[in-house]
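Here's the structure, in structure tokens; my notes come after.
Please treat every number below as a calculation from the coordinates, not as lab data. In this text, all values refer to a predicted model and were calculated from it rather than measured experimentally. In this analysis, Cβ positions are derived from the backbone assuming ideal geometry, glycine residues included, and neighbour counts consider all displayed protein chains.
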Amino acid sequence: MYKFEKLKVWNESNRLIEMAYQLIKELPTNEKYNASDQLRR
């Protein structure tokens, strides 16, 4: 069985998510909540 963790697209998307969360941590408090709401959608 092929493991999805080996897929390049899966690894790249995880990296993108980590980068987005790092960026959100640097935002002012009021902007953090707006950005996190958008990410959930």
Cα-based helix-to-principal-axis angle, 8-25 vs the chain, degrees rounded to 10: 20
For the chain, which chymotrypsin sites (Phe, Trp or Tyr not before Pro) are in a loop by DSSP, counting at most 16 other Cβ atoms within 10 Å? Y2
With the dipole of the chain defined by +1 on each Lys or Arg Cβ and -1 on each Asp or Glu Cβ, the option from I24, L39, W10 whose Cα lies farthest towards the positive pole is W10
Under unit Cβ charges (Lys, Arg +1; Asp, Glu -1), what dipole magnitude, rounded to 20 debye, does the chain have relative to its Cα centre? 200
Report, as a whole number in µm² per second, the diffusion coefficient that Stokes-Einstein gives for the chain at 25 °C and 0.890 mPa s using the Kirkwood radius over alpha carbon pairs. 211
Angle check, please: helix 29-40 long axis (alpha carbons) against the longest principal axis of the chain (alpha carbons), in degrees 0 to 90, nearest 10. 30
Candidate aspartates and glutamates for bridging to K8, where Cα separation is under 18 Å - those fewer than 8 sequence places away on the same chain excluded: E18
